[in-house]
1. Within region 32-91, can you find the residues that are part of a loop (DSSP other than H, G, I, E, B) and polar (S, T, N, Q)?
2. Taking region 25-34, which residues are among the hydrophobic types (A, V, I, L, M, F, W, C) and touching an Asp or Glu at 6+ places or on another chain (Cβ under 7 Å)?
3. Name every residue in region 60-88 that is hydrophobic (A, V, I, L, M, F, W, C) and over 17 Å from GLY40 (Cα atoms), in order of residue number.
4. Within region 26-61, track down each residue that is more than 13 Å from the chain's Cα centre (by Cα), at pLDDT 95 or above and surrounded by 12 or more Cβ atoms within 10 Å (Cβ to Cβ).
5. Looking at VAL73, VAL42, VAL46 in this structure, which one is without any contact (Cβ under 8 Å) to a residue 40 or more places away in the chain and under 21 Å from ALA25 (Cβ atoms)?
Amino acid sequence: MPAAWDEVAEHMTLAERSLAGQLAALGVPVPIVGAEVLDGQVGDFVWEDARVVVLLEADAELETELAAADWHVLGPTPELISQALQQVGER
C-alpha cells in the first residue's frame, strides 16, 4: 500500500483496511476516514471535494439524506468508487 494510504490505514478497522488496500491498488486518492458529512452523520470514506461518501454498512435513511444534500453515496465496491471519483475529476 502506498505511504499515504499507510498513514490513514493504521487507524482503520479490518473492513476499512481491506477496502483501503483495494482502493490503493486502483490508484484512488486517499480519503478522509470517518468524516462528518451531514448533521453529525459520519461517512466511512469521504472525498469532500468530489462529494463522494462510502458507507460500509447500508443505511437507507442516511443514504437518502446524503443524496438529497448532493452527496454521491456508495457502498464498499472499489471499482464503483474509482469510477465515481474519475467522473467528478477527483483523480
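The values are calculated or read from the model by the stated rules, or taken from the named source; none is laboratory data. Just so we're clear, the structure is a prediction, and the values are computed from it rather than from any experiment. Using ideal geometry, Cβ is built from the backbone for each residue, glycine included, and neighbour counts are taken over all protein chains shown.
1. Going residue by residue through region 32-91, those that are part of a loop (DSSP other than H, G, I, E, B) are 39-40, 48-51, 55-59, 69-71, 75-77, 88-91.
Within region 32-91, THR77 is the sole residue that qualifies.
2. Within region 25-34, the subset among the hydrophobic types (A, V, I, L, M, F, W, C) is 25-26, 28, 30, 32-33.
Once the filter is applied, which keeps residues that are among the hydrophobic types (A, V, I, L, M, F, W, C) and touching an Asp or Glu at 6+ places or on another chain (Cβ under 7 Å), region 25-34 yields ILE32, VAL33.
3. If the condition is that a residue be hydrophobic (A, V, I, L, M, F, W, C) and over 17 Å from GLY40 (Cα atoms), then LEU74, LEU80, ILE81, ALA84, LEU85, VAL88 are the ones that fit.
4. LEU26
5. Values: VAL73 fails: under 21 Å from ALA25 (Cβ atoms); VAL42 fails: under 21 Å from ALA25 (Cβ atoms).
Result: VAL46 is the single residue among VAL73, VAL42, VAL46 that is without any contact (Cβ under 8 Å) to a residue 40 or more places away in the chain and under 21 Å from ALA25 (Cβ atoms).
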